[in-house]
1. Would you mind giving the average projected area, over all directions, of the Cα convex hull of region 147-273 in nm² with one decimal?
2. Return the sequence-ordered ³J(HN,Hα) values of region 77-90 in whole Hz as given by the Karplus equation 6.51 cos²θ - 1.76 cosθ + 1.60 applied to θ = phi - 60°, using x for Gly and Pro.
3. Based on the Kirkwood radius over alpha-carbon pairs, what value in µm²/s does the Stokes-Einstein equation return for the translational diffusion coefficient of region 212-304 at 20 °C and 1.002 mPa s?
4. Would you compute, from DSSP H runs of 4+ residues alone, the mean residue ellipticity of the chain at 222 nm, taking -39500 (n - 2.57) per run and dividing by the full residue count, rounded to the nearest 500?
5. Using volume of the Cα convex hull per residue in Å³ as the read-out, say which of [x] 226; [y] 186; [z] 142 was calculated from these coordinates.
6. Which residue fluctuates the most in the chain, going by a Gaussian network model with Cα springs under 10 Å, if the choices are TRP351, TRP434, TRP401?
7. Which residue fluctuates most in the GNM of the chain (Cα springs below 10 Å): THR133, THR381, THR411?
8. Hey, can you grab everything whose amide H is under 5 Å from the amide H of LEU310? Only 5+ residues off in sequence or another chain; H modelled, so Pro and N-termini drop out.
Amino acid sequence: MTPPAGPVGATPGADHSADGYLPRHGNGGYRVLHYDLDLDYRVPANRLAGKAVITARASQSLSRFTLDLGRFRVQDVRVDGRPAKFEHRPDKIRIRPESAIGHGATFKIEIRYAGKPVPITDRWGDIGWDELTDGALVASQPIGAPSWFPCNDRPDDKATFLVTVTTATPYAVVVTGDLVTRRRGAGTTTWVYERNEPTAPYLMSVQVGRYELVELAAGRVVQRAAIPPRLRTLFRHDFGRHGEIMIALERLFGPYPFREYVVVVADDDLDDPIEAQGMAVFGRNHVDGRRTHERLVVHELAHQWFGNSLTVADWRHIWLNEGFATYAEWLWSGASGGPSAAAHAARWHAWAAAQPADITVADPGVDRMFDPLVYKRGALTLHALRARLGEASFFALVRSWVAEHQHRTVTTEQFRIHAARFSARPLDDLFTAWLDRPALPPLPR
């Protein structure tokens, strides 16, 4: 390691983001434009060697800056090709370039690193790169991206990606993005994926396993899956309506926002499925041949619109992700012959009424941002808005919200302003009651 850079005093706030919930994750002073990641992963040893080339633009003059990275050994850091002084602790690389970077300048950071990737442990458990029984998965929401690559770990700093992964040939590698090439060598295969749509670091994912690559569904959108071969029959039944689900969500929300969608079923049990950009990851326990978990299939697909294309500017707006994805479950239920959205709303309103009225949906706090009340009351907010506006206006609102903010970041305030365009009378009372106050409003009829 080169000599330490010393404190990051020249750039106020450079070593943290403006996210009030997770200020230690993310950095100030610059925005990332592109990540080029070249990774070599040894499955039995769980060893990752990486080279990251990060293209960024300074939003102020920088004599020092920081990146997020977990427990790796950093071997070399260069800025615009010149060796840079750095200090690495388990959560941050503090970098001092040879020359200060001017405001508005575009610069490149090259970092070589290696070690055993481990998930980041926080209040939500282990997040990020995790070993499977035979392979690895990445589930990074909300703070797991630094467990496998150096990044500006904030949801509002979207960038494009090129990811190259080399591993032993018996393993398939699936990365969030479009497959560019697959090159077979002497016992190893190199997989290259590109992600051209702006993507938050936490939504990038790598899946490594002895997977069979199969078609998920035919249709306008390419839909693929990576599954354990022994689950083929159960998977075909449980995900057999995926093409219909895609058509239904496109009709409700507008065109699917990416080139393809990939479902991965890990050959391990997982507590919950997790979405990534253009991908959803399920555990083998979510495939039982009875479509028990089809609502989760819908939920994760809906996140491609709400959460991935439209990404929250910071985590207090999480209801915009989870409320829409939950409401999509209810909408699909009605469209597929199950209970209507109104029936689901009545059921979950009764459930919410039995819970303590101690959470504000629009700002639940970091400890409760994934609380079931945020999901269910978020969906109930949308149902109340639909009742106020009527069918035509509500779905016109949703489709235009998606189209106008595609591949951008969003806030609750932006959604309120957007919704007001579709109402003949003010909506302040509705949003105040459902989003800003803990007390549960009556369910509209």
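1. Projected area, direction-averaged: 9.2 nm².
2. Working through the residues one at a time gives 10, 10, 10, 6, x, 9, x, 10, 6, 8, 9, 10, 10, x Hz.
3. Roughly 164 µm²/s, to the nearest whole number.
4. When only DSSP H runs of four or more count, the value is -7000 deg cm²/dmol.
5. Read-out from the structure maps to [z].
6. Judging by the Gaussian network model, the answer is TRP351.
7. THR133
8. For LEU310, the qualifying residues are HIS407.
All of the numbers you see were taken from the coordinates with simple rules; none came from a lab. Quick caveat, the model's predicted, so the values are computed rather than measured.
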